[in-house]
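Okay, structure first, notes after.
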Amino acid sequence: MKITFLGHATLLIEVAGKTVLVDPFISGNPKNNNQVDKDSLNPDYIFVTHAHQDHVLDVEDIATRTNAVIVSNYEIATYYENKGLKVHPMNHGGSWSFDFGTVKYVNAIHTSSFADGTEGGLPGGFIITSANKSVYIAGDTALTMDMKLIPMFTKLDLAVLPIGDNFTMGVDDAIIASDFIECNTILGYHFDTFGFIEIDEAKAIEKFKASGKLLHLLPIGNSLTV
């Protein structure tokens, strides 16, 4: 899997000949200084962890243009299905075999509502497994004991964790989360986009290193491969 960071909590994942776009917030991201053009993206799938505007802003536009399948919880999937878009609904604890691999929808602790006030159900995260590699995309979440369940069924090669604090876990809780999920290679996201989630990046990397872990903080448009 090739994972490209597109800013904030937006990821582009190339896996088994398919492209998965996660939580597209591109056109409204103040940190996106033309590094990413949303109209150049052609995903096969759009994964949505929850309904907040900084995760769904560009979902409808991209899905309409590309005919991508929106994968999310039942409430979010239904919201977009009612707009005439293609969806695949999931819910917590469920798995599905897609044409690129298996996806499991797991718990997250956060809130979830659309900008128009529509409830977005309960937030979640995704575990994507393909060709014996597994990646956990936590979405916006607090540290939760539910994370301890993940290594009972999956050996993770990479975990994508929020580290910006205030609205989600901060760096210290993310280090504990990496212990819970038994994964020492972390891609940090959901930080520095706004004033409430600004962090000291060098200090964050050093804290993870002191705990025997590797924290990747990618510039917008940069990638890593699992």
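Data for the structure
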quantity: Any chance residue 14 is out of contact with any Cys (no Cβ under 6 Å at 6 or more places or on another chain) and either more than 20 Å from residue 160 (Cβ to Cβ) or without any contact (Cβ under 8 Å) to a residue 12 or more places away in the chain (or both); calculated: no
quantity: Sole residue being touching a His at 6+ places or on another chain (Cβ under 6 Å) and either assigned to a strand (DSSP E or B) or without any contact (Cβ under 8 Å) to a residue 40 or more places away in the chain (or both), chosen from 71, 103; calculated: 71
quantity: Those residues of the stretch 179-191 which are surrounded by fewer than 19 Cβ atoms within 10 Å (Cβ to Cβ) and under 21 Å from residue 22 (Cβ atoms), in sequence order; calculated: 185
quantity: Total residues in the stretch 17-31, condition touching a residue at least 60 places away in the same chain (Cβ under 8 Å), assigned to a loop (DSSP other than H, G, I, E, B) and open to solvent by 30 Å² or more (accessible area, probe 1.4 Å); calculated: 3
quantity: Extreme residue, farthest from the chain's Cα centre (by Cα), among residues of the stretch 1-55 that are of a type in the set (Asp, Glu) and under 27 Å from residue 157 (Cα atoms); calculated: 44
quantity: Matching residues in the stretch 153-168 - criterion: being in contact with a strand residue (DSSP E or B) (Cβ under 6 Å, 6 or more places away or on another chain), assigned to a loop (DSSP other than H, G, I, E, B) and surrounded by fewer than 24 Cβ atoms within 10 Å (Cβ to Cβ); calculated: 154, 156, 157
quantity: Output for the stretch 106-126, where each listed residue is in a loop (DSSP other than H, G, I, E, B) and not β-branched (Val, Ile, Thr); calculated: 108, 110, 112, 114, 115, 116, 117, 120, 121, 122, 123
quantity: Some residue of the stretch 8-23 being of a type in the set (D, E, K, R) and out of contact with any His (no Cβ under 8 Å at 6 or more places or on another chain); calculated: yes
quantity: Single match in 92, 55, 50 (criterion: closer than 26 Å to residue 177 by Cβ, of a type outside the set (Gly, Ala, Ser) and open to solvent by 10 Å² or more (accessible area, probe 1.4 Å)); calculated: 92
quantity: Selected residue [open to solvent by 20 Å² or more (accessible area, probe 1.4 Å), among the β-branched types (Val, Ile, Thr) and part of a helix (DSSP H, G or I)] from 150, 199, 176, 220; calculated: 176
quantity: Given (1) more than 28 Å from residue 36 (Cα to Cα); (2) open to solvent by 40 Å² or more (accessible area, probe 1.4 Å), number of the condition residue 144 does not satisfy; calculated: (2)
quantity: Pairs, first in contact (Cβ under 8 Å) with a residue 12 or more places away in the chain and among the acidic types (Asp, Glu) in the stretch 53-66, second assigned to a helix (DSSP H, G or I) and surrounded by 18 or more Cβ atoms within 10 Å (Cβ to Cβ), C-beta under 9 Å, six or more apart; calculated: 58/38; 60/80; 61/38
quantity: Qualifying residue in the stretch 108-126 (condition: among the hydroxyl-bearing types (Ser, Thr, Tyr) and open to solvent by 80 Å² or more (accessible area, probe 1.4 Å)); calculated: yes
quantity: Residue count for the stretch 167-203, restricted to those that are of a type in the set (D, E, K, R) and over 20 Å from residue 146 (Cβ atoms); calculated: 5
quantity: Check on residue 42, in a loop (DSSP other than H, G, I, E, B), touching a helix residue (DSSP H, G or I) at 6+ places or on another chain (Cβ under 8 Å), of a type outside the set (Val, Ile, Thr) and more than 19 Å from residue 90 (Cα to Cα); calculated: yes
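The values are calculated or read from the model by the stated rules, or taken from the named source; none is laboratory data. Remember, it's a predicted structure, so these values are computed and weren't measured experimentally. Cβ coordinates were reconstructed from backbone atoms using ideal geometry, including for glycine residues, and neighbour counts include every protein chain displayed. Just so you know, the surface numbers come from the protein's heavy atoms only, side chains and all, with ligands and any DNA or RNA stripped out. Shrake-Rupley method; radii C 1.70, N 1.55, O 1.52, S 1.80 Å.
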